[in-house]
1. Can you pull out the residues in segment 178-214 that are part of a loop (DSSP other than H, G, I, E, B) and either among the basic types (Lys, Arg) or within 18 Å of residue 137 (Cβ to Cβ) (or both)?
2. Can you tell me how many residues within segment 27-53 are closer than 18 Å to residue 17 by Cβ and either in a strand (DSSP E or B) or at pLDDT below 95 (or both)?
3. Whether any residue in segment 94-104 is surrounded by 13 or more Cβ atoms within 10 Å (Cβ to Cβ) and in a helix (DSSP H, G or I) is what I want to check.
4. Quick check on residue 53: is it acidic (Asp, Glu), open to solvent by 40 Å² or more (accessible area, probe 1.4 Å) and either closer than 16 Å to residue 11 by Cβ or more than 23 Å from the chain's Cα centre (by Cα) (or both)?
5. Please verify whether residue 118 is among the hydrophobic types (A, V, I, L, M, F, W, C), open to solvent by less than 20 Å² (accessible area, probe 1.4 Å), touching a strand residue (DSSP E or B) at 6+ places or on another chain (Cβ under 8 Å) and part of a helix (DSSP H, G or I), treating the condition exactly as stated.
6. In segment 63-106, which residues are without any contact (Cβ under 8 Å) to a residue 60 or more places away in the chain and within 15 Å of residue 32 (Cα to Cα)?
Amino acid sequence: MTTRVLIVEDDIDIRGILARGLEAEGFSVGVAGRVEDALSAARDEAPEAVVLDITLPDGSGHDVCRSLREGGYPGAILFLSARDEVRDRAEGLALGADDYIVKPFVFDELLARLQVHLLRRREADTPRTVFTAGRLTLDVNIRQVSFGEASARLTPREAELLALLMQEVNRPISRGEIFDRLWASQGGLSLNVVDVYVGYLRSKLSDFVRLGGPVIVTVRGKGFMLDLRGQDFRH
C-alpha cells in the first residue's frame with residue numbers, strides 16, 4: 001500500500017519540489033497551503049505523515065499541529081520552517097511534532113528523517129507478540145513458552161500474565177497493578193484472582209525451574225516478580 005504524505009506549505013515552489021521528490025520515491029502526496037485546507041485534507045485523506053510549514057496565510061502551522069494531536073491524529077508530523085531559533089523548535093516539538101527541519105533544507109535529509117519517523121510509528125502500532133527474558137521465550141500468539149528445549153502451552157490469561165512479568169523482569173509488580181492491567185474490566189472479581197493465576201503459571205513453569213529456569217517469586221509487601229536467577233535478560 002502506498003504511503004500517503006500531506007504537504008502543508010504556502011510557497012508554491014517549495015511545495016512543488018517536495019511533492020515531486022516524494023512522488024519519485026513512491027509516496028502518494030496531498031498538498032495544502034492554508035490551515036483550513038490542511039485540517040480538511042488530514043481528516044479526509046488520513047495521511048501517514050504531515051510535512052508542515054509554520055507560517056501560513058490564514059494562521060500558523062502550530063495551530064494545525066495542535067488540532068491534529070488534540071483530535072488524536074496518530075501519524076508523524078514534521079515541521080519544515082525558516083524559523084531556526086531554539087525556542088521555535090522547542091515549541092513545535094512540545095506541540096507533538098516528531099521532528100523540526102530548518103529551511104533551506106536538503107531533500108535527501110528530509111526524506112531520511114521522514115522514513116525514520118514513519119518506521120517508528122508503524123513499529124509502535126504493532127503489538128509485541130514474542131517476549132524474551134534470558135533463555136525464556138514466550139510467543140503470545142500461539143501461547144507457548146519455552147526454556148531451552150522444554151516448552152509448555154498456556155491459556156490466554158496465563159500468557160498475558162507471563163508477558164507482563166517478562167516485561168518487568170526482576171522488578172516486583174503489585175497485585176493491584178496486575179489486577180488493573182489484566183482483570184479490571186471484568187466485574188465481580190477480586191485481587192485473589194491474581195494469586196490463583198500466579199499459581200497456575202508456577203505450575204506450568206515448574207519443569208523449567210528444575211532445569212535452572214526463572215522463578216516467579218513473591219516479594220513481601222511488593223507483589224510478584226520473575227526472578228531470572230542471574231541469567232542475562234534481553235528484549
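1. 205, 211, 212, 213, 214, listed by residue number.
2. Residues that pass the stated criteria total 9.
3. no
4. So residue 53 fails the test.
5. yes
6. 63, 64, 65, 68, 77, 78, 79
Condition check ((1) farther than 20 Å from residue 120 by Cα; (2) open to solvent by less than 40 Å² (accessible area, probe 1.4 Å); (3) touching a Lys or Arg at 6+ places or on another chain (Cβ under 9 Å)) across all residues:
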site	(1), (2), (3)
17	yes, no, no
25	no, no, no
33	yes, yes, yes
38	yes, yes, no
58	yes, no, yes
70	yes, no, no
77	no, yes, yes
82	yes, no, yes
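Yes/no per residue for (1) in contact with a Cys (Cβ under 8 Å, 6 or more places away or on another chain); (2) open to solvent by 80 Å² or more (accessible area, probe 1.4 Å); (3) not in a helix (DSSP H, G or I):
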{"residue": "108", "(1), (2), (3)": "no, yes, no"}
{"residue": "141", "(1), (2), (3)": "no, yes, yes"}
{"residue": "165", "(1), (2), (3)": "no, no, no"}
{"residue": "176", "(1), (2), (3)": "no, no, no"}
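The values are calculated or read from the model by the stated rules, or taken from the named source; none is laboratory data. This structure is a prediction, so every number in the text was calculated from the model and none was measured. Because the Cβ atoms are built from the backbone with ideal geometry, glycine has one as well, and the counts that use them run over all protein chains shown. For accessibility, only protein heavy atoms count, side chains too; no ligands or nucleic acids. Shrake-Rupley method; radii C 1.70, N 1.55, O 1.52, S 1.80 Å.
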